[in-house]
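A short write-up of the structure that comes next.
All of the numbers you see were taken from the coordinates with simple rules; none came from a lab. Computed from a predicted model, the values in this text were never measured in an experiment. Methodologically, a virtual Cβ is constructed for each residue, glycine included, from the backbone with ideal geometry; neighbour enumeration extends over all protein chains shown.
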Amino acid sequence: MKATTTRHPIIFFDGYCGLCIRSVQFILKRDRKKVFRFASLQSAYAAQALPSDTDTNTFVLQDNGKLYTRSGAAIRALQKLGGVYAFAVLLFAIPAFIRNAVYRFIANNRYGWFGKHESCYLPTAAMQDRFLDAQIN
């Protein structure tokens, strides 16, 4: 099965991670134009759409055919939300090796700090059209 293409940026997230799920909920609440689509890294959609060596400790943004990971993906996602979040672009002034070191530290500790869910996050019926993994049969 081939992954469907979308004109929307796609955020791939760890569906078991409390921090990741809260991040998705944060974006959903503020994405009034419904720009983003979502898929868990554990989903069949992600398995088709991402390289096989994609790390599940990595936040991934697919936008305009390009993949962004770690802090770069998070900053770009905030930037795309617009408004005050567009100022996140200023974080690119911090060298990537520093941003990603902080990112990896948080990623490596996220389950301990924010919890790990027993099952993968499932969107509400009202949000299902924004989640690509819910659309694969």
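Residues checked against (1) exposed (fewer than 15 other Cβ atoms within 10 Å of the Cβ); (2) at positive phi:
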site	(1), (2)
64	yes, yes
82	yes, yes
88	no, no
101	yes, no
109	yes, no
123	no, no
Task: Filter result (without any contact (Cβ under 8 Å) to a residue 60 or more places away in the chain and outside any helix (DSSP H, G or I)) within the range 75-117 - done: 82, 94, 95
- [ ] Could you tell me which of the residues 116, 66 is within 14 Å of residue 9 (Cα to Cα) and among the basic types (Lys, Arg)?
- [x] 66
Task: Of residues in the range 57-109 being more than 13 Å from the chain's Cα centre (by Cα) and of a type in the set (Phe, Trp, Tyr), the one farthest from residue 46 (Cα to Cα) - done: 87
Open item on the list: Looking at residue 72 and the list (1) touching a Ser or Thr at 6+ places or on another chain (Cβ under 9 Å); (2) free of Cβ contacts under 8 Å to residues at least 40 places away in the same chain; (3) surrounded by 15 or more Cβ atoms within 10 Å (Cβ to Cβ); (4) at negative phi, which single condition is not satisfied?
Closed with: (1)
TODO: Answer yes or no as to whether residue 58 is crowded, with 18+ Cβ neighbours inside 10 Å and in a loop (DSSP other than H, G, I, E, B).
DONE: yes
Open item on the list: Of all residues being in contact with a helix residue (DSSP H, G or I) (Cβ under 7 Å, 6 or more places away or on another chain) and part of a loop (DSSP other than H, G, I, E, B) in the range 36-55, which is farthest from residue 11 (Cα to Cα)? Just the residue, please.
Closed with: 43
